[in-house]
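**Student:** One structure, as structure tokens, below. Some questions next.
What follows is calculated from the coordinates using simple rules that are stated; it is not laboratory data. No experiment lies behind these values; they were computed from the predicted model shown. As a convention, Cβ positions derive from the backbone with ideal geometry for all residues, glycine included, and neighbour counts pool all protein chains shown.
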Amino acid sequence: MNKEHAYRNLKLCTKDCLCLFVCPVGATDTENGQIDFEKCIGCGACARACPSHAITMIPNEMPPQQKKNNQVVNSLFLIVDSKIKQIQKLNYILEQADGEVEKKFLKTLIHSNKVMIEDLVREAGYMLPQSKNTYKLLKMLLNDVDEAHRKTIEKLLEKIKVND
Amino acid sequence: MKKYRCTLCGYIYDEEIEKVKFEDLPEDWICPLCGAPKALFELIEEKDVSISNIDDREVVSESVDELRTLTNLELSLICSNLARGCEKQYLEEEKQLFLELSQYYEKRSQNLEGTLSDVKEMNIKDLDYLNQAMNIASKFQDRGAKRILTWATKSSNIMKIILDNYEKKGIEYLKHTKIWVCDICGFVFVGDVPPEVCPVCKVPNFKILEVK
């Protein structure tokens, strides 16, 4: 079993086609522009040959995420909770707002807080989709969810392999 | 002669070179590199005091075992963050599934009655929480946490200044200009063209998005 597979970043690919010349199994030449992951043997020849640095080797399995100290996690969630409440308030103000400029301003603050929260929860134990934390969270979410989204959660549980 | 450092991007204002005392600069003077206001500059002290309490390092405990109670909006943002994680691994289908969940929990979240001055107060309080968390992250030498705390402190500081300006000038402040958010660290920029790289997280500016 290969440890990794090639992935083409289509934003960077300038169709230099060196990957086609070097690929021993013909996995790099496809109609949709992406590499054929089924065929790819993970040798890395295409990534080394690509003059545009558009191909990267993606590990098939990620290493376990860094363990987090409880005190660190708690201190991060203190900030998360505060910023969550700010977004809830900003959403309330946004509902009442009518001026375009005011709305744009409120949306800016909401967006900024969201980005910060996403990163804070990432460092508070939810970095990898493959982590046990994520798995436990998804399992718990099954307890209170509508039918359509139960399916979404089940699909995720089925697709993502836990790595720690 | 003194030197001042921009706490956002690190630009150094050297009175000896500039020939103008920092305190004599007008209040609306901004950092020539990243546009941060004057208030975000700090005096560079002669000697850097070294961190003393690094010795009482403790053994990092196991990962969080019990699940905390999470609000709908927290769940929404954990899911959208995991969607980002999938995107980075080029797991397109999983990314879409996490985004679906994120939207679902966002819809379930309820708004809280409040005003902009409440938000401003909470934003100021965040700076204390951030500082406190930074001390804990340093104690346990958690580099990842220190990184996000550094970014979030800077972005929250900028938000404070922007809230101040909006309170003072009202919509005139933003009427004839664009407003942007860095999609990586939350840095807010008011102006027509964002800096080449984000002054907070250093990402190239195609990740700094205009809010419309």
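**Student:** To the nearest 10 degrees, how steeply does helix A:70-96 sit against the main Cα axis of chain A, on a 0 to 90 scale?
**Tutor:** Tilt relative to chain A: about 70 degrees.
**Student:** Where is the GNM fluctuation largest for chain A (alpha-carbon springs, 10 angstrom cutoff): A:Gln88, A:Gln130, A:Gln65?
**Tutor:** The residue that fluctuates most here is A:Gln88.
**Student:** With θ set to phi - 60°, apply the Karplus curve 6.51 cos²θ - 1.76 cosθ + 1.60 along region A:25-33 and write out the HN-Hα couplings as whole Hz, x wherever there is a Gly or Pro.
**Tutor:** Those phi angles translate into 10, x, 8, 8, 9, 9, 6, 8, x Hz.
**Student:** Next question, about the same structure. Enumerate the amide H contacts of B:Leu209 below 5 Å, restricted to partners 5 or more residues apart or on another chain; note that Pro and chain-start residues carry no placed amide H.
**Tutor:** B:Val181, B:Cys182, B:Asp183
**Student:** Hey, another quick one. Mind ordering A:53-59, A:73-79, B:18-24, B:196-202 by average Cβ neighbours within 10 Å, highest first? It would help to have the intermediate numbers written out before the result.
**Tutor:** Working: A:53-59: 16.0, A:73-79: 21.6, B:18-24: 10.6, B:196-202: 20.0.
Those peptides, ordered most packed to least, come out A:73-79, B:196-202, A:53-59, B:18-24.
**Student:** I need the semi-axes of the equivalent ellipsoid of the protein assembly as shown: take the C-alpha gyration tensor, multiply each eigenvalue by 5, square-root it, list largest first in whole angstrom.
**Tutor:** Numbers: eigenvalues 278, 149, 111 Å².
Values for the protein assembly as shown, descending: 37, 27, 24 Å.
**Student:** Then there is this: Apply the Karplus parameterisation 6.51 cos²θ - 1.76 cosθ + 1.60, with θ equal to phi minus 60°, to every residue of region A:55-68 and state each ³J(HN,Hα) to the nearest whole Hz, in sequence, with x for glycine and proline.
**Tutor:** 10, 10, 9, 9, x, 5, 10, 7, x, x, 6, 4, 6, 10
**Student:** Sticking with this structure for a sec: B:Lys178's amide H: which non-local residues (gap 5+, or another chain) put their own amide H closer than 5 Å, with H modeled 1.01 Å from N in plane and none for Pro or chain starts?
**Tutor:** Those qualifying (amide H under 5 Å, at least 5 residues apart or on another chain) are B:Gly191, B:Asp192.
**Student:** What value, in deg cm²/dmol to 500, does the helix sum -39500 (n - 2.57) over DSSP H runs of n ≥ 4 give at 222 nm once divided by the residues of chain A? Intermediate values should be presented prior to the final figure.
**Tutor:** On the way: 6 runs with 84 residues, N = 164.
It comes out at -16500 deg cm²/dmol, rounded to the nearest 500.
**Student:** Okay, next question. Would you tell me the mean number of C-beta atoms belonging to other protein chains that fall within 10 Å of each C-beta in B:143-150, as a whole number?
**Tutor:** Numbers: counts 2, 9, 11, 2, 2, 10, 7, 0.
The per-residue average across the peptide is 5.
**Student:** So for each of B:97-106, A:92-101, B:174-183, A:143-152 I average, over its residues, the number of other beta carbons within 10 Å; can you give me the resulting order with the highest mean first?
**Tutor:** Details: B:97-106: 20.9, A:92-101: 13.7, B:174-183: 18.5, A:143-152: 12.0.
For the peptides B:97-106, A:92-101, B:174-183, A:143-152, the packing ranking is B:97-106, B:174-183, A:92-101, A:143-152.
**Student:** Quick one: compute a quarter of the convex hull surface over the Cα atoms of region A:65-125 and quote it in nm². Could the numbers behind the result be given before it?
**Tutor:** Working: hull surface 16.5 nm².
Over every viewing direction, the Cα hull of region A:65-125 projects on average to 4.1 nm².
**Student:** Among the Cys residues of chain A, which have no other cysteine Cβ under 4.7 angstrom away?
**Tutor:** A:Cys13, A:Cys17, A:Cys23, A:Cys40, A:Cys43, A:Cys50
**Student:** When averaged across all projection directions, what area in nm² does the alpha-carbon convex hull of chain B cover?
**Tutor:** On the way: hull surface 63.4 nm².
Result: 15.8 nm².
**Student:** Within 10 Å of each Cβ of A:123-132, how many other protein chain Cβ atoms are there on average? Please report the intermediate quantities before stating the final value.
**Tutor:** Details: counts 12, 6, 4, 7, 4, 4, 14, 6, 3, 3.
Per residue, the average neighbour count from other chains is 6.
**Student:** List, in order, the whole-Hz ³J(HN,Hα) value for each residue of region B:91-101 obtained from phi through the Karplus relation with A = 6.51, B = -1.76, C = 1.60 and θ = phi - 60°; use x for Gly and Pro.
**Tutor:** Karplus values, whole Hz, x for Gly and Pro: 9, 4, 5, 4, 4, 4, 5, 5, 5, 4, 5.
**Student:** What residues have an amide H closer than 5 Å to that of A:His5, excluding those fewer than 5 places away on the same chain, when H is modeled at 1.01 Å from N in the peptide plane?
**Tutor:** A:Ile58, A:Asn60
**Student:** Which one, B:Tyr90, B:Tyr11, B:Tyr129, has the greatest fluctuation when you compute a Gaussian network model over chain B with C-alpha springs under 10 angstrom?
**Tutor:** Looking only at B:Tyr90, B:Tyr11, B:Tyr129, the largest GNM fluctuation is found for B:Tyr90.
**Student:** Given a 10 angstrom Cα cut-off, can you work out which residue in B:Cys86, B:Cys31, B:Cys185 is the most mobile in a GNM of chain B?
**Tutor:** B:Cys86
**Student:** Cut-off under 27 Å on the C-alpha distance; same-chain residues fewer than 8 positions from B:Lys19 excluded. Which lysines are left, in chain and number order?
**Tutor:** B:Lys2, B:Lys3, B:Lys38, B:Lys47
**Student:** Bin width 5 Å, alpha-carbon pairs only: give the P(r) of region A:1-115 as whole percents, running from 0 to the bin holding the largest distance.
**Tutor:** Taking every Cα pair in region A:1-115, the percentages come to 2, 10, 15, 11, 7, 5, 7, 11, 13, 11, 6, 1, 0.
**Student:** On each of the three principal axes of the Cα atoms of region A:4-59, give max minus min coordinate, whole Å, ordered largest first.
**Tutor:** Result for region A:4-59: principal-axis Cα extents of 23, 22, 18 Å.
**Student:** With runs of 4+ DSSP H residues as the only contributors, calculate the mean residue ellipticity of chain B at 222 nm using -39,500 (n - 2.57) per run, divided by the residue total and rounded to the nearest 500. Spell out each step's value before the answer.
**Tutor:** Working: 6 runs with 93 residues, N = 212.
The helix-only estimate for chain B comes to -14500 deg cm²/dmol at 222 nm.
**Student:** Sticking with this structure for a sec: Please give the average number of partner chain Cβ atoms lying within 10 Å of the Cβ of each residue in B:180-187, rounded to a whole number. Could the numbers behind the result be given before it?
**Tutor:** Numbers: counts 3, 9, 3, 5, 3, 4, 12, 3.
That works out to 5 on average.
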